[in-house]
């Protein structure tokens, strides 16, 4: 079964793009299945069901969605196999822009939109910088010059990815994307596979439902910033995928 990870900020058009791409795959006789990871609530299942695409929605609730995603990958893969899918698409929301859902050796997509701001590509972490394909949506709402500048900023952050402009409403550009999905590497199991970058650190007192504010209540993996004028702390370098392995 081919496995594809799709990540991106909320409301950038991930679901619409996947629906259109999977429709093209279904038209060529390739059965698909989608697993959607989200936090509190998701209505995306209705969009997939309307397109006759098998879908399973998993909500992390009070847990970090990144860690919830990683600890349920094998089960999600097994469910898609049980549905008889030849192509499994895992959609996960990049809620903090730091998530790292992509898996080494498998096709990785990142979806972003032209309305996020010119500096958005620089603010998005491994889910953009380590993606194989970057899909840019909502290009019909900006000028050609803005699209070109935005594309250049994406290229600065990821010099090797294939960049495609797609329209989540009309499906324009999604047929080309479906061909990429059809050529994604096949995999028999996710056991012993590795993520392309480490997940955000967790396990502090607030992870364990602590609500009181103050240093005396902070235990575990706690990181303190030194506040000065300007940047309080140097941002992490997400350029080297092997640095976190």
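The values are calculated or read from the model by the stated rules, or taken from the named source; none is laboratory data. Values in this document were obtained by computation on a predicted structure and should not be read as measured data. With ideal geometry, Cβ positions are generated from the backbone for all residues, glycine too; neighbour counts draw on all protein chains shown.
Just to verify a result, which residue in segment 181-194, among those that are outside any loop (DSSP other than H, G, I, E, B) and touching a strand residue (DSSP E or B) at 6+ places or on another chain (Cβ under 6 Å), is nearest to residue 128 (Cα to Cα)?
Within segment 181-194, the match that is nearest to residue 128 (Cα to Cα) is 181.
Within the set of pairs 6+ apart or on separate chains, which have a first residue in segment 88-99 that is under 19 Å from residue 120 (Cβ atoms), a second that is part of a loop (DSSP other than H, G, I, E, B), and C-beta atoms under 6 Å apart?
So the pair list comes out as 92/101; 93/10; 94/9; 97/124; 97/125; 98/125; 98/200.
So if I check each of 5, 28, which one is within 12 Å of the chain's Cα centre (by Cα) and either under 19 Å from residue 132 (Cβ atoms) or modelled with pLDDT of 90 or more (or both)?
So the residue among 5, 28 that is within 12 Å of the chain's Cα centre (by Cα) and either under 19 Å from residue 132 (Cβ atoms) or modelled with pLDDT of 90 or more (or both) is 5.
Which ones in segment 124-163 are closer than 13 Å to residue 113 by Cα, part of a loop (DSSP other than H, G, I, E, B) and within 19 Å of the chain's Cα centre (by Cα)?
Within segment 124-163, 124, 138 meet the criteria.
Looking at residue 53 and the list (1) outside any helix (DSSP H, G or I); (2) within 24 Å of residue 100 (Cα to Cα), which single condition is not satisfied?
Condition not satisfied by residue 53: (2).
Taking residue 66 as meeting all but one of (1) touching a strand residue (DSSP E or B) at 6+ places or on another chain (Cβ under 7 Å); (2) in a helix (DSSP H, G or I); (3) touching a residue at least 40 places away in the same chain (Cβ under 8 Å), write down the number of the exception.
(1)
Can you tell me which residue within segment 1-59, out of those that are free of Cβ contacts under 8 Å to residues at least 40 places away in the same chain, out of contact with any strand residue (DSSP E or B) (no Cβ under 7 Å at 6 or more places or on another chain) and over 28 Å from residue 126 (Cα atoms), is surrounded by the fewest Cβ atoms within 10 Å (Cβ to Cβ)?
That would be 29.
Name the pairs: first residue in segment 156-174 and touching a residue at least 12 places away in the same chain (Cβ under 8 Å), second residue part of a loop (DSSP other than H, G, I, E, B) and loosely packed, with under 14 Cβ neighbours inside 10 Å, Cβ to Cβ under 6 Å, at least 6 apart or on different chains?
Close Cβ pairs satisfying both conditions: none exist.
As an exercise: evaluate residue 89 against (1) part of a helix (DSSP H, G or I); (2) within 17 Å of the chain's Cα centre (by Cα); (3) at pLDDT 95 or above and give the number of the one condition it does not meet.
Residue 89 satisfies all of (1) part of a helix (DSSP H, G or I); (2) within 17 Å of the chain's Cα centre (by Cα); (3) at pLDDT 95 or above except (1).
Residues that are in contact with a helix residue (DSSP H, G or I) (Cβ under 9 Å, 6 or more places away or on another chain), surrounded by 10 or more Cβ atoms within 10 Å (Cβ to Cβ) and more than 17 Å from residue 104 (Cα to Cα): does segment 211-226 have at least one?
yes
If residue 80 satisfies all but one of (1) touching a residue at least 60 places away in the same chain (Cβ under 8 Å); (2) more than 16 Å from the chain's Cα centre (by Cα); (3) assigned to a strand (DSSP E or B), what's the number of the condition it fails?
Here residue 80 meets the rest and fails (3).
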